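Read through the structure below, which is laid out as C-alpha cells, and then see the notes.
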Amino acid sequence: MENADDRKTGQRTATGNEMSASFLAAKERSDKTLAALEANPGKFRMLTGDRPTGRLHLGHYFGSIRERVAMQDLGVDTNIIIADYQVITDRDTTEHIQDNVLNMVLDYMAAGIDPKKTMIFTHSAVPAENQLMLPFLSLVTEAELLRNPTVKAEMEASGHSLTGLLLTYPVHQACDILFCRANVVPIGKDNLPHIEITRAIARRFNDRYAKKNRVFREPSAILSDAPEIPGLDGRKMSKSYGNAIKLSATAEETAKLIKKSPTDSERRITFDPVNRPQVSALLTTAGLVTGRGPAEIAAEIGDAGAGALKKYVTESVNDFLAPFRARREELAQDMDSIRDVLRDGNRQANEIADQTLDEVRAAMGMKY
Ligand code: TRP
C-alpha cells in the first residue's frame, strides 16, 4: 500500500536504465494483456494486494481499487491479499495490525469489492502459501535479491538495516501470486521488479522441477493508466504528509483537511501543475471525483480565488464519498460479519494453497 520513494532509485543510473527498458516491455505486455482480458475476462485470474499499514485514501481508490472492482464486475477471477507479513519487512511492531486489516476489508467492501466474487485473505493465515518460499528461495541468487531497486529504496526510507524479510519479500510476493496461479497482477510501477522476479521463479521452477508438467505460469503486471494523484498540497500523496483524503474520513474531517491545504498568492485559478502544484493538486482532485477536466474547473472558478476552489473541492469530494461512507458505516455495524469475510477468504486460500503445494511436492519428488 505504501510506495517506495522512487526518487532514490532514480539516482542509480545503471539500474535506472535497466528498469526503463524492462518498464517499456512490461507496459507493452500490460496493454496487450488488458485488451485480452477485456475481450475474454473469464480466462483471467487476478491477484493483487496491499500492506495493512493504515486506511485507504483517494489515491488508492483512483490508482487501483476502482480497477479491481471493474475487473471483478467484468467476471475476472479476482483475489486480494492483505499482506500482513509485508508490514514487518521494515517495521518493529504489529501494533494496530488487527484494526488495520479489518478496516481494510471495510474499505474494500465499501468501495465495491464483493467478497462473494473476490477472495480476500491474509498472508499469516495461509501456511502452504508461505511454505512455497523455501523452494522459491532456492531459485534466486543473493545478487538478484540485493539489486532489487525497490528493496533498496525501502530500506533507505525505513532508516533500518536490511532485514532478511525485507531482502526476501519480493520472493514472498511471488508466493502470493503463484500459489493461486494468477496471470494478471495490477501493481504500481514500484512493484515491477517483484513481478519480474515472480516470472523468473515460475520459469525456473518449471525448468528445474517440472519440465513435462509445468506447475506455474508467468503472470503479467497490469500497470494502471491512472495518473498519479498528488496529495492536497501538491507533494506526493502520503499518509505521513497528512495530505491524503482517507475514504473513511468524515465529511467534516475532509472539509478541514482541504481548508488547511496550502495554495499560492495568485488569485486567479489556473491549472498549471508545474508552476502551481498546490492549486493544481486541488483541481486534479476535483477533476477525478467529478469526472471533469481540471482546466475546465479552473476556468469556471477563475477570479473567485482559492476560497471558491476549496469550497468546490470539498463539496465534490464529499458528494463523491457520501455513498461510500454510508456503506462503510452500515458494514461497520457488524464487525463479526467482516471477520467472517476474512475467515472465509482464508479458508478458500488455504484450499488453493494446499493443492498448489501438493503439486510442488509432487514435481519435486517430495511426496512421502
Ligand atoms: N507489495 C505490494 C505493495 O506494497 C503489496 C502486495 C503484497 C502485492 N503482495 C502482493 C501486490 C502480490 C501484488 C501482488 O503495494
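The values are calculated or read from the model by the stated rules, or taken from the named source; none is laboratory data. What you are looking at is a predicted structure, and each value in this text was computed from that prediction instead of being measured. Virtual Cβ from ideal backbone geometry, glycine too; neighbours counted across all protein chains shown.
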Being touching a strand residue (DSSP E or B) at 6+ places or on another chain (Cβ under 9 Å), within 13 Å of the ligand (Cβ to nearest atom), part of a helix (DSSP H, G or I) and touching a residue at least 12 places away in the same chain (Cβ under 8 Å) is true for just one of Gln86, Gln72. Which residue is that? Gln86
Options Ala281, Ala226; residue that is of a type outside the set (D, E, K, R) and either more than 22 Å from Asp319 (Cα to Cα) or modelled with pLDDT under 95 (or both): Ala226
When restricted to Ser248, Ser265, Ser261, Ser280, the only residue surrounded by fewer than 14 Cβ atoms within 10 Å (Cβ to Cβ) and among the polar types (S, T, N, Q) is Ser265
Hey, among Phe44, Phe23, Phe62, which residue is within 16 Å of the ligand (Cβ to nearest atom) and more than 13 Å from the chain's Cα centre (by Cα)? Phe44
Out of segment 115-159, which residues are within 15 Å of Arg343 (Cα to Cα) and either out of contact with any strand residue (DSSP E or B) (no Cβ under 7 Å at 6 or more places or on another chain) or of a type in the set (Phe, Trp, Tyr) (or both)? Pro115, Lys116, Phe121, Ser124, Ala125, Val126, Pro127
Residue in segment 251-270 that is out of contact with any Asp or Glu (no Cβ under 9 Å at 6 or more places or on another chain), of a type in the set (S, T, N, Q) and in the same structural domain as Val126 (by TED's automatic domain parsing) present: no
Please return the ranges of helices (runs of 4 or more DSSP H) entirely within segment 121-195 where 2 or more residues are buried (at least 19 other Cβ atoms within 10 Å of the Cβ), within 11 Å of the ligand (Cβ to nearest atom) and within 22 Å of the chain's Cα centre (by Cα). 149-158, 164-179
Looking at segment 332-364, which of the residues that are of a type in the set (D, E, K, R) and in contact (Cβ under 8 Å) with a residue 12 or more places away in the chain is farthest from Lys211 (Cα to Cα)? Arg339
Working only within segment 42-86, note down all residues that are among the small types (Gly, Ala, Ser), crowded, with 19+ Cβ neighbours inside 10 Å and modelled with pLDDT of 95 or more. Gly49, Ala83
